[in-house]
Every structure is written in C-alpha cells, then in structure tokens.
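Trainee: I have a structure here, written as structure tokens, and I will follow up with some questions on it.
The values are calculated or read from the model by the stated rules, or taken from the named source; none is laboratory data. Every value quoted in this text rests on a predicted model; they were computed, and no experiment measured them. Cβ coordinates were reconstructed from backbone atoms using ideal geometry, including for glycine residues, and neighbour counts include every protein chain displayed.
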C-alpha cells in the first residue's frame with residue numbers, strides 16, 4: 001500500500017480502536033475462559049478504545065499537519081473532551097445505573113417497574129483505562145508512521 005494513498009490520521013484512529021477492542025476480546029477469554037464477540041463493540045473496560053482512537057487521531061494529525069496547526073488543536077481538544085467524558089460523565093452514569101438496577105431488583109414482583117430491563121452498568125472508564133488507551137493511541141500513531149515511512 002503506497003503511503004500517498006493512505007489517510008494516515010483516519011487509519012491510525014481506526015487501527016487504535018481495533019487494537020483496543022481486540023484486546024478486550026482476548027482479555028475476556030483469558031480471564032473468564034469464554035469467547036464473547038460482544039467485546040469487539042462493547043463500551044468500558046481496559047483499555048479505553050475511545051481514548052485510543054482520539055489520541056491516535058490527534059497524534060497523527062499533529063505529525064502530519066504540525067503540532068502548531070489549528071487542525072491539531074481541534075483534534076487535541078476533541079480528544080480531551082472525549083477522554084474527560086469517558087472517566088467522568090459516562091463512568092458516573094454507569095454507577096447510577098448500578099444503583100437503579102439494585103433498586104428495581106428489590107421491588108416487589110407486583111410493582112409495575114419490577115419487570116424493567118436492567119440498565120447497562122459499564123458505560124465509562126476508570127482513569128487507568130483512559131491512560132492505557134491514550135498510550136495505545138500514541139504508540140499506534142507512531143508505529144504506523146514508521147511502517148508507512150511517511151504520512152502524505
């Protein structure tokens with residue numbers, strides 16, 4: 001594949017996402033001794049695929065366009081917002097879902113909400129999961145640059 005026809009930032013972001021999600025798939029198999037294909041698209045877990053994706057995007061844009069460019073600044077701010085959301089809002093929403101599920105579980109069977117489908121509890125990430133995703137994104141962008149030989 002010729003380097004001139006590759007959209008380096010796009011491919012770096014997608015590759016970082018794929019590696020992060022694949023890691024979750026194989027980690028689940030290793031820990032639980034079962035295959036769970038849902039891990040390829042699941043939210044939460046180690047490493048954060050959201051963080052890996054946006055970090056790979058920002059780093060590759062910085063390498064390609066320059067770290068002083070407006071495009072890099074945009075990608076960097078976008079990455080910071082996504083990562084903050086992952087360990088802030090979405091993590092707390094998951095904790096609230098856990099509490100709400102417990103409340104519904106304890107309702108008497110005759111209560112109208114007792115048959116409510118449980119809410120998804122794993123929505124966000126811990127800080128270490130976000131940091132691991134960020135490192136994965138940086139490594140992916142740099143390795144891809146080295147593999148391509150150039151970014152244009």
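Trainee: Give me the residue from segment 1-24 that is within 16 Å of residue 132 (Cβ to Cβ) and surrounded by fewer than 17 Cβ atoms within 10 Å (Cβ to Cβ) and, out of that set, modelled with the lowest pLDDT.
Mentor: 22
This table checks each residue for (1) surrounded by 19 or more Cβ atoms within 10 Å (Cβ to Cβ); (2) at pLDDT 95 or above.
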position	(1), (2)
43	no, no
46	no, no
64	yes, no
71	no, yes
87	yes, no
92	no, no
97	no, no
104	no, no
114	no, no
